[in-house]
1. Sticking to Cα atoms, compute the Rg of the stretch 2-83 to one decimal and its Dmax as the biggest Cα-Cα distance, whole number, in Å.
2. Which ordering of S42, S131, S103 is given by a fewest-first count of other beta-carbon atoms within 10 Å?
3. Could you calculate the FRET efficiency of S131 with Q162 from 1/(1 + (r/R0)^6), where r is the beta carbon distance between them and R0 is 25 Å, rounded to 0.05?
4. Using Cα centres only, tell me the gap between the stretch 52-85 and the stretch 112-182 in whole Å.
5. Kirkwood-based Rg over Rh for the chain (C-alpha set), two decimals?
6. Using alpha-carbon pairs under 8 Å, 6+ residues apart, how would you state the relative contact order of the chain in percent?
7. Multiply the residue separation of K25 and A100 by 0.36 nm, subtract the distance between their alpha-carbon atoms, and state the gained length in nm to one decimal.
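Every number in this text was worked out from the coordinates using simple rules, so none of it is lab data. This is a predicted model, so every value here is computed, not measured. Cβ placement follows ideal geometry from the backbone for every residue including glycine, while neighbour counts extend to all protein chains displayed.
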Amino acid sequence: MTTYILLLRGINVSGQKKIKMVDLKRTLEKLGLKNVQTYIQSGNVVFQSDELSKPILIASIESLILKTVEFEVPVMLFEAKEFKLILENSPYLAAETVAANHSYFVLFKTPAEDSLKQKLQSETFLNEEFSIASACIYLKCNVGYGKAKCNNNFFERKLKIQATTRNYKTMSKLVALSEVLN
């Protein structure tokens, strides 16, 4: 059985696209997913499944969520070991950065084109740094994410992909929850 981490994009933000985590858990259990656990209200889920095909899991999850809540929710799905490597490979894990809640992860639904990544990498911003990897962008916001120019929508627009952003605390908690299942 494989342990996965599922991230929903854009739910429960400013009263829009509301999904209760207890309802999300029940919905996912209807698909036969095991040991489903949610974390906070922003659509973070850890579960196990015998299904090894991520595209099949993603399609099944998105379809059932649409049927249940009647609006589309993009989902990003990672094997737990892949997710842990994303966390560990961040160049912004210095103690003071993490303690100040300045370390973020913009996680891709699909890989971005190399030419778009190269073009974006050349841009610079005051109080913000980022590093583009294959599955995510590592982001350091020295004045906090709420004031960042480099937010999720910015990166989606520049890279022409769907993505969702999580902070270091959420990423760490999801890794810890997944390790309990393994």
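1. 11.7, 35
2. Working: S42 19, S131 14, S103 24.
Fewest to most other Cβ atoms nearby, the residues stand as S131, S42, S103.
3. Details: r = 20 Å, r/R0 = 0.80.
Taking R0 as 25 Å, the efficiency between S131 and Q162 is 0.80.
4. Result: 19 Å between the Cα centres.
5. Values: Rg = 16.1 Å, Rh = 16.9 Å.
The Rg/Rh ratio comes out at 0.96.
6. On the way: 288 pairs, mean separation 45.4, N = 182.
Answer for the chain is 25 percent.
7. Details: separation 75, 0.36 × 75 = 27.00 nm, distance 3.14 nm.
Net length gain for the segment: 23.9 nm.
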